[in-house]
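Please read the structure below before turning to the comments.
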Amino acid sequence: MSTNVVESWQINPNAKADDLEAKQPFIDNGLDVLEASRYYSPDFMALEWEKMWTRTWLIAGIETDIPEPGDYSVFRIRRESIIIVRQEDGSIKALYNVCAHRGNQIVHNDRGSLVQFTCSFHSWQYGLDGACTHITDKETFNPQLVCENPRLKELHCETHAGLIFINMDDNPPPLKERFGLPEGYLEAYQLDKMHCVRHTVSEWAANWKTGIDAFYETYHLHSVHPETQDVMDDMGVQVDLYPHGGSRMLVPIAVKTKRQADQDVINPSLEYMMMEASIDPAQFNGSAKEVREAIQRAKRERSDRLGLGYERFTDGQLTDSWATGIFPNVQIGLHPEGAFLMRFMPHSTDPEKFYYDTMTLVYPVDDPDYSVPGWMGLPEGTDTSGEIRPDTEYTGIGEPADLGQVLDQDSELLPVVQQGIRSKGFAGAIWGEQEQRLRHFHRELNRYLDGEK
């Protein structure tokens, strides 16, 4: 394959090979055009469940959601419900949310705190570690059935950089072997100190991979999200591919797209970004091409004033979106001030629906001028102190989810894409080099389905 500007574009050509910002070597994932049925076939959905979802590491939550012993949250995927619970020694366990007696779900809410689990059906009780501590009327059971007090079944659970991962496989490889991203990549953002200030789960009328495909490229921005062209260089994106399906886009923010002829005049959107960084646009004498660097300088000054330690970040990290993909179903928009964690969750029964699960994470700083980037779409008045964990907001298909202009546009577009994929006139996606991440993702998925993983 010949090298072109999309393959070789670099945010920082001077980055050393071991820098987190460095351009990664090109990975040739071939030119296959995959069958469209993978986006709507019930048989393909079943194969994904058997070969991939139940055998890969999945992000089930964040550590700051369960800070104290007894705190728990529930992770749901298709027919499975899994309790993530903090133990007395501070460790974290993952337990299937099902009583060993008759299969009743033990926990019925999203999160909470308790000293033991009690089944609402027959009052069997379990400790935080899943061990059965009480069987109601135990003397009425044959001792051969309950002599060892059947426990809640545990599954593999590991943590990394403040994220909680689970794996349903009986003998999975260590998370470190399959994570894909370089050591220190996520740690620099201190996700383990960020708190969820908004959690939404909205149902979309498309396959979960249709969602992944849309969010893993910026090729569609000029058409679907024209307002982004004033503040985002969708043509100057650095795409990097990592082992085991990991990938990222480094998207320059606070600059105009190269598609615009005028690169000098500062528009209202850039002015807004300047004000987010405590820069008065009326006092700024530079052009639009100088706004990005001005914001970077302003954020370093803020860091010095508040002791935030931004010296651990490159200049690009202070402004740009490091849209980072973790296989199979996650993209995280990373910023020093916070992160936008997206999970594309398969529907329970319908291959042409999925759940778009988002968590807005904020690094808490007691300063009125400090906030996450406006594009994350936090509603006005959102409590960002981290003192209160908000309830999850659930919305169905067609219900307003208040996700912000860009995400609302995506939720309207994807069902239309899904309908087109169904057409006899569509033979499969033709991916260009701006869509490298899509080919990389599907190549990894196919490895699972082919039994290579």
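The values are calculated or read from the model by the stated rules, or taken from the named source; none is laboratory data. Predicted, not measured: the structure shown is a model, and the values here were computed from it. Please note: Cβ atoms are built from the backbone with ideal geometry, for glycine as well, and neighbour counts cover all protein chains shown.
Within the range 421-449, the set of residues being aromatic (Phe, Trp, Tyr) and assigned to a helix (DSSP H, G or I) comprises PHE441, TYR448.
When GLU412 is tested against (1) modelled with pLDDT under 95; (2) assigned to a loop (DSSP other than H, G, I, E, B), just one condition goes unmet, and that condition is (2).
Flag: CYS157 does not match the condition of being surrounded by 14 or more Cβ atoms within 10 Å (Cβ to Cβ) and within 17 Å of the chain's Cα centre (by Cα).
Counting only residues that are β-branched (Val, Ile, Thr) and not in a loop (DSSP other than H, G, I, E, B), the range 21-55 holds 0 of them.
If the condition is being surrounded by fewer than 23 Cβ atoms within 10 Å (Cβ to Cβ) and of a type in the set (Val, Ile, Thr), then the range 211-230 contributes VAL224, THR228. Checking each residue in the range 95-118 for being surrounded by 12 or more Cβ atoms within 10 Å (Cβ to Cβ) and either free of Cβ contacts under 8 Å to residues at least 12 places away in the same chain or in contact with a His (Cβ under 7 Å, 6 or more places away or on another chain) (or both) picks out only HIS101. When the residues of the range 50-80 are filtered to those that are more than 19 Å from the chain's Cα centre (by Cα) and free of Cβ contacts under 8 Å to residues at least 60 places away in the same chain, the one that is nearest to GLU444 (Cα to Cα) is GLU50. Just one of the numbered conditions (1) in contact with a Pro (Cβ under 9 Å, 6 or more places away or on another chain); (2) free of Cβ contacts under 8 Å to residues at least 12 places away in the same chain; (3) closer than 27 Å to LEU186 by Cβ is not true of GLU301: (1). The condition of being small (Gly, Ala, Ser), more than 24 Å from THR200 (Cβ to Cβ) and out of contact with any Leu (no Cβ under 6 Å at 6 or more places or on another chain) holds for only one of SER91, SER113, SER81, SER73, that being SER91.
Output yes when any residue across the range 58-66 is surrounded by fewer than 12 Cβ atoms within 10 Å (Cβ to Cβ), over 26 Å from ASP170 (Cβ atoms) and not assigned by TED's automatic domain parsing to the domain that holds HIS440, and no when none is. Looking for residues that are surrounded by fewer than 12 Cβ atoms within 10 Å (Cβ to Cβ), over 26 Å from ASP170 (Cβ atoms) and not assigned by TED's automatic domain parsing to the domain that holds HIS440, one finds none in the range 58-66, hence no. The requirement of being of a type in the set (Val, Ile, Thr), over 25 Å from GLN190 (Cβ atoms) and out of contact with any Lys or Arg (no Cβ under 9 Å at 6 or more places or on another chain) is fulfilled nowhere in the range 240-251; no residue meets it.
Per-residue answers, yes or no, for (1) without any contact (Cβ under 8 Å) to a residue 60 or more places away in the chain; (2) assigned by TED's automatic domain parsing to the domain that holds SER37; (3) farther than 30 Å from LEU47 by Cα:
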position	(1), (2), (3)
VAL372	yes, yes, yes
GLU380	yes, yes, yes
LEU403	no, yes, yes
GLU412	yes, yes, no
GLU435	no, yes, no
GLU444	no, yes, no
